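This report refers to the structure that appears directly beneath it.
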Amino acid sequence: MRLSQVCRIQFLGFGLVALMAIGFTIQILGIHFPKRSSQIPPLHLVTEEPPPSYRTCQPKQHIMFLKTHKTAGSTILNLLHRYGDRNGLVFALPYRYQFNYPNSFQSHRVKGYNASFRQHYDIMCHHMRFNYQEVRKVMPPDTFFFTILRDPAKVTESSFSYYRAVSLAFKKAPNLKAFISHPSRYYRPGERSNHYARNSIWFDLGFNSDAPFTETYVKSGIRAVENIFNLVLLAEYFDESMILLKEELCWDLNDVVTFKLNSRGTSKALDNEDIEKLREWNKLDWNLYSYFNRTFWDKVEGFGRARMDYEVKKLKEKTQQLAKLCLEGSGPVVAEQIKEDAIKPFQPGKEKILGWAVRKDLPHEVRTRCIRMVTPELQYKDLLDAHQFPVVASNSSAPIPARILGR
């Protein structure tokens, strides 16, 4: 009798251990059951600490991200793509890949937009030259606005490599050093794609990037940005930026785990003299960056330095876990090493843009989610476009918005 009781207890014990092991595996891989088969659930990892009990906010789902050039915006774009994709949100999409950039944004550039009928849009995030009044026609009143800045010296170094084939100012210069030494020798306002060559972020914000610098003018621009944007991030402090973003949006830490996208294989180190020259050449951008660098750290102080350090540490750990789960190798690779067109980064010229190779020995659902994390912006935009505007098999090939079809 005692022996049978002992056996039953051991059996129950083994069963309990097995169930715990299965549950742990499900947490590690983020496997759960989505409400709709078209949605891709996130790759959630085990979270050691429970969510703060004081957090009573609701996740924000009306979001406008102004994607500035050469500021890690492509990585943020992927984050937003995945969040919206996973939660069935509606994107305000361009007809192609940008909202008629470098022209000022107009609401009719949103695919499917009709001024006489108020459509529902949740997220707007693709390249545009910002026009607040026109954006307001498209996005809901409670939209959360944010953008990202970077030291203009670094922006110019990156832009010179990336846009040299299209910007006449860059094209005329024999090399970056020559451009830095005498930028006005090569730069002419209004020439083709020269908005990349001077105060490019000021330009993306919708301001006149060739305007003479005055304290009054720059302060008015900064004031306008501060009044419109709920949060301004810094590319140099990307992890801290992600923590502030997830806090403002009331998202989870898993929602802001990313792999760096659209990065270059090489970059040229700038000496202090070159940095100062480029900051002076991009004086509007430099003053903008300097101001929001200060307000950024004010927000970090308000969040709490110790708390920020802890959350950044957790974010890095989660990123490393996902890299180990999803990726072949320990770092990004050149496009030639990526065999899948769906995740191969666009190559704008001679510069090698890096991407990620995803392991092939993963379960289908897990691999699908890993692929989403490394999908470049052009391919992901096409995926979203196909979801929202499926082509109906009929005599007409005109797409019908997915929301009209009840999706």
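Taking the Cα atoms of segment 219-370 alone, what are Rg (to one decimal) and Dmax (as a whole number) in Å?
Taking only Cα atoms of segment 219-370, I get Rg and Dmax of 18.8, 55 Å.
Residue by residue, what Karplus-based ³J(HN,Hα) values in Hz, rounded to whole numbers, does segment 326-333 have, using 6.51, -1.76 and 1.60 with θ = phi - 60° and x for Gly and Pro?
Listing the rounded values in order: 9, 9, 8, x, 9, x, x, 10 Hz.
Convert each backbone phi in segment 72-84 into a coupling constant with the Karplus relation 6.51 cos²θ - 1.76 cosθ + 1.60 (shift: θ = phi - 60°), then list the ³J(HN,Hα) values in order as whole Hz, x for Gly and Pro.
Those phi angles translate into 6, x, 5, 5, 5, 4, 4, 4, 5, 4, 5, 5, x Hz.
May I have the convex hull volume per residue, in Å³, for the Cα set of segment 126-198?
110
Under unit Cβ charges (Lys, Arg +1; Asp, Glu -1), what dipole magnitude, rounded to 20 debye, does segment 291-335 have relative to its Cα centre?
Once rounded to the nearest 20, the dipole reads 100 debye.
Taking a 20 Å limit on the Cα-Cα distance, which of the listed pairs Lys219/Lys246; Lys268/Lys344; Lys324/Lys360 fall beyond it?
Lys219/Lys246; Lys268/Lys344
Expressed as a whole percentage, what fraction of the accessible surface of segment 278-375 belongs to carbon and sulfur atoms when a 1.4 Å probe is rolled over the protein heavy atoms?
It is 54 percent, rounded to a whole number.
Set Lys and Arg Cβ to +1 and Asp and Glu Cβ to -1, take the dipole of segment 159-277 about its Cα centre, and tell me which of Leu245, Asn199, Thr216 lies farthest positive.
Asn199
log₁₀ I(q)/I(0) of segment 309-348 at q = 0.14, 0.19, 0.29 Å⁻¹, via Debye over equal Cα point scatterers, no solvent, to two decimals?
Log-scaled intensity ratios, in q order: -0.45, -0.68, -0.97.
Please calculate how many Å² of accessible area segment 55-118 carries per residue, with a 1.4 Å probe and no DNA, RNA or ligand atoms counted.
Counting only protein heavy atoms, the per-residue value for segment 55-118 is 41 Å².
With every protein chain kept in place and ligands, DNA and RNA left out, what is the accessible area per residue of segment 138-289? Probe 1.4 Å, answer in Å².
41
Under unit Cβ charges (Lys, Arg +1; Asp, Glu -1), what dipole magnitude, rounded to 20 debye, does segment 196-353 have relative to its Cα centre?
Magnitude of the dipole: close to 220 debye.
Kirkwood Rh over Cα pairs of segment 252-292 into Stokes-Einstein at 20 °C, 1.002 mPa s: D in µm²/s?
For the chosen part, D equals 161 µm²/s.
How big is the equivalent ellipsoid of segment 243-323 along its three axes, where each semi-axis is √(5λ) from the Cα gyration tensor, reported in whole Å from largest to smallest?
29, 20, 11
Please get the size of the charge dipole for segment 73-220, origin at its Cα centre, with Cβ charges of +1 on Lys and Arg and -1 on Asp and Glu, quoted in debye to the nearest 20.
460
How large is the Rg to Rh ratio of segment 170-258 when both quantities use alpha carbon positions and Rh follows Kirkwood?
Across segment 170-258, the Cα-based Rg/Rh ratio is 1.10.
Please report the carbon-and-sulfur percent of the accessible area for segment 146-277; probe 1.4 Å, protein heavy atoms only, DNA, RNA and ligands left out.
Result for segment 146-277: 47 percent of the exposed heavy-atom area is carbon or sulfur.
Can you give the Kirkwood hydrodynamic radius for segment 280-351, in Å, rounded to one decimal and based on Cα pairs?
16.5
Among Thr319, Asn282, Ala342, pick out the residue whose Cα is farthest towards the positive end of the charge dipole of segment 279-350, where Lys and Arg carry +1 and Asp and Glu carry -1 on C-beta, about the Cα centre.
Towards the positive end, the residue furthest out is Thr319.
The values are calculated or read from the model by the stated rules, or taken from the named source; none is laboratory data. This one's a predicted model, so the numbers in the text were calculated from it and none came from an experiment. Glycine gets a Cβ as well: all are built from the backbone with ideal geometry, and neighbour counts include every protein chain shown. Just the protein is used for accessible areas: all its heavy atoms, side chains included, with ligands, DNA and RNA removed. Shrake-Rupley method; radii C 1.70, N 1.55, O 1.52, S 1.80 Å.
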